[in-house]
Amino acid sequence: MTYKGKKHFSLKDMPKQEMTTMKNLSFFLLLVSAIFVHTVSGHDSFYSRLLNNGIENHRPHVPIGEQPLAKIAIHKAVIALHKSAYIHANPFILGSKGEDTEWVNIKFEYPEPTNDDWVGVFSPAKFNASDCYPETGNWPEAPYICTAPIKYKFANHSTADYVNTGKATLSFQIINQRADFSFALFTGGLENPKLVAVTNPISFANPKAPLYPRLAHGKAWDEMTVTWTSGYNIDEATPLVEWGWKGHIKKLSPAGTLTFTRGSMCGAPARTVGWRDPGFIHTSFLKDLWPNTIYEYRMGHMLKNGSTIWSKSYSFKSSPYPGQDSLQRVIIFGDMGKAERDGSNEYSSYQPGSLITTDQLIKDLDNYDIVFHIGDLPYANGFLSQWDQFTKQVEPISSVKPYMIASGNHERDYPNTGSFYNTPDSGGECGVPAETMYYVPAENRAKFWYSTDYGMFHFCIADSEHDWREGSEQYAWIEKCLASVDRNKQPWLIFSAHRVLGYSSNDWLANEGAFEEPMGRAHLQKLWQKYKVDIAFYGHVHNYERSCPIYQNQCVNSEISHYSGTVNGTIHVVVGGGGSHLSEFTKINTFWSLYKDHDWGFVKLTAFNHSSLLFEYKKSADGEVYDSFTISREYRDVLACVHDGCEATTLAT
Ligand SMILES: [Fe+2]
């Protein structure tokens with residue numbers, strides 16, 4: 001094969017021997033020429049865009065943790081192929097028995113080793129200047145690589161004497177992400193990467209397979225939605241779900257298909273080095289469900305030849321009829337993030353509690369019914385490969401329980417895009433991946449507020465990243481949601497938003513003087529009070545805290561562990577310790593704070609019936625209860641007049 005005349009090099013074009021060892025000098029010259037061609041071909045605007053809005057300047061609004069991929073100056077990467085360097089990946093074919101996860105062993109050798117050398121995993125395997133995305137501006141010089149790796153490890157991660165021997169091995173856990181993979185050895189550290197060797201492409205047996213199902217309530221109580229990701233567009237195959245009662249004949253339901261493009265991203269890095277094709281996201285609406293019934297399902301793609309590619313089989317229990325009296329258990333947490341089980345470098349310390357929480361919830365699957373992850377999901381921050389990895393991480397939960405999400409700053413915020421906070425925290429995603437990858441029963445998924453029911457619970461899930469203030473569209477919706485519940489049938493009224501709109505003793509909120517996001521209580525307190533919200537949950541602050549029942553900024557009950565009688569205040573709970581770096585508490589004594597925990601954990605609500613609710617805070621590490629209280633009351637206690645919150649009455653009889 002000759003490379004002469006090719007504008008851009010492709011690893012697929014290379015003979016295996018050359019790809020494996022990168023010894024071929026003529027190939028090196030071709031790469032150099034490819035860079036030259038690229039330099040003069042007008043892609044110089046990309047670099048300017050990157051510098052203006054890009055990864056180097058991106059810092060999370062909350063300065064705790066940093067997306068590890070943002071540390072790699074991949075656009076500065078240069079070619080430094082070494083004739084004695086090699087890198088091998090094994091096995092070549094992944095998932096030959098239908099698995100969606102495989103361990104890949106990497107073996108490499110480099111005669112000039114340093115402790116800064118690193119191995120990046122690229123997917124698609126081909127990475128070169130042809131993937132660079134033109135943006136307006138001027139480039140100081142053209143990049144060779146315009147796509148961040150999906151993960152990386154330092155070369156000495158598993159071999160301490162690599163710096164002496166130049167020989168090492170690494171293991172990566174790879175999930176099916178629809179494209180092939182290559183593993184590239186770099187020297188020069190993360191800041192000035194120099195490519196010295198790259199492996200053959202390796203691939204899953206079926207890269208397009210339907211994967212990572214996530215359940216969510218539809219707009220009606222008797223509707224469950226199944227959303228999944230595949231590589232099949234609608235012109236190649238028809239997406240569908242086969243489902244039905246366990247042990248009975250199954251039926252087929254159609255699915256809608258969505259995707260999104262780089263052009264729908266609002267800025268860097270999502271629009272530049274962080275972009276990765278999301279594949280196709282399908283949602284099927286399973287309707288007319290019988291309550292409390294076990295259903296089995298699997299996702300499929302019917303090909304043009306009539307055959308169907310099927311996923312594994314899963315099952316779920318349909319939700320209770322609203323108001324139904326039965327045992328009902330809810331899990332709530334925020335800010336879990338994702339982490340890499342293979343210890344990929346800093347990934348495991350980016351959100352250090354993420355896997356601890358995930359594993360505890362997987363272990364406890366039989367003991368709860370529905371999950372609310374109230375914002376900040378993968379913290380992809382514009383590196384889109386991380387969304388697949390997050391959906392894979394939570395799949396053991398989301399494939400069998402409704403996994404309801406809220407929108408966080410790391411999903412939505414980006415300057416000049418309509419987010420209420422003008423921060424770059426989404427890394428240019430501006431909500432598009434979250435709104436597409438996960439279904440929520442919102443009227444408009446780009447405005448991420450919705451209500452949903454679970455038996456005796458009524459949830460109003462607000463979107464703190466859009467204006468909630470009085471007079472706003474969302475404020476009117478919040479009032480409508482809170483007012484719409486029949487407390488006789490659904491006594492347990494829950495409000496939630498990602499950011500703390502109520503109370504938190506977090507240090508940065510305390511420093512701002514309000515112990516909340518500014519304006520939260522000023523605008524929303526009257527609604528919580530009027531509609532007698534039982535508990536309000538927030539994330540964003542990465543710890544746990546519970547307040548007393550509060551009315552007009554005052555504790556209205558001196559009880560700590562048991563509340564009974566009239567609903568005279570709302571309990572505010574911060575449960576943002578799902579996995580990200582923990583947030584510090586202020587040293588100021590906050591009179592309304594009853595329990596604080598600087599650890600990872602989640603809340604479980606158990607409604608035993610219409611008059612008895614158990615609240616438990618559990619640490620992720622051991623699943624044990626560290627804070628709890630109960631509420632006992634009857635319907636007349638909800639109706640009872642308290643404070644000045646009664647509806648008007650007439651003197652007529
Ligand atoms: Fe957040």
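The values are calculated or read from the model by the stated rules, or taken from the named source; none is laboratory data. Since we're looking at a predicted model, the values are computed, not measured. FYI the Cβ positions are ideal-geometry reconstructions off the backbone, even for glycines, and counts take in every protein chain you see.
For this structure, a couple of remarks:
- Top-ranked residue of region 347-356 - restricted to ones that are more than 11 Å from Gln393 (Cα to Cα) and surrounded by 19 or more Cβ atoms within 10 Å (Cβ to Cβ), ranked as modelled with the lowest pLDDT: Tyr347
- Taking each residue of region 491-507 that is in a helix (DSSP H, G or I) and looking for partners that are among the charged types (D, E, K, R) with beta-carbon atoms closer than 7 Å, six or more apart or interchain, yields Asp507/Glu584.
- Some residue of region 267-277 being outside the structural domain of Phe383 (by TED's automatic domain parsing) and surrounded by fewer than 20 Cβ atoms within 10 Å (Cβ to Cβ): yes
- Only one of the numbered conditions (1) in a loop (DSSP other than H, G, I, E, B); (2) surrounded by 21 or more Cβ atoms within 10 Å (Cβ to Cβ); (3) not charged (D, E, K, R) is not met by Ile550, and that is (1).
- Condition met for Glu465 (within 16 Å of the ligand (Cβ to nearest atom) and either in contact with a His (Cβ under 9 Å, 6 or more places away or on another chain) or part of a loop (DSSP other than H, G, I, E, B) (or both)): yes
- The set of residues from region 473-528 being closer than 19 Å to Leu594 by Cβ, away from the ligand (no atom under 16 Å from the Cβ) and of a type outside the set (Val, Ile, Thr) comprises Phe495, Tyr503, Ser505, Ala510, Phe515, Arg521, Gln525, Trp528.
- Of all residues in region 395-438 being part of a strand (DSSP E or B) and of a type in the set (A, V, I, L, M), the one that is farthest from the ligand (Cβ to nearest atom): Met404
- Of all residues making up region 365-394, the number that are among the acidic types (Asp, Glu) and within 16 Å of the ligand (Cβ to nearest atom): 1
- The set of residues from region 315-341 being within 23 Å of the chain's Cα centre (by Cα), surrounded by fewer than 19 Cβ atoms within 10 Å (Cβ to Cβ) and more than 30 Å from Val541 (Cβ to Cβ) comprises just one member, Ser315.
- Residue that is surrounded by the most Cβ atoms within 10 Å (Cβ to Cβ), among those in region 574-600 that are within 16 Å of the ligand (Cβ to nearest atom) and of a type in the set (Val, Ile, Thr): Val574
- Of everything in region 359-392 that is out of contact with any Pro (no Cβ under 8 Å at 6 or more places or on another chain) and among the β-branched types (Val, Ile, Thr), the residue that is surrounded by the most Cβ atoms within 10 Å (Cβ to Cβ) is Ile374.
- Residue within region 157-167 that is in contact (Cβ under 8 Å) with a residue 40 or more places away in the chain, aliphatic (A, V, I, L, M), touching a Leu at 6+ places or on another chain (Cβ under 8 Å) and not in a loop (DSSP other than H, G, I, E, B) present: no
- Glu616 of a type in the set (D, E, K, R) and in a loop (DSSP other than H, G, I, E, B): no
- Look at (1) among the hydroxyl-bearing types (Ser, Thr, Tyr); (2) within 16 Å of the ligand (Cβ to nearest atom); (3) not in a loop (DSSP other than H, G, I, E, B) and you find that Ser348 fails only one, number (2).
- Test: Ile370 is more than 9 Å from the chain's Cα centre (by Cα), within 20 Å of Arg341 (Cβ to Cβ) and β-branched (Val, Ile, Thr): no
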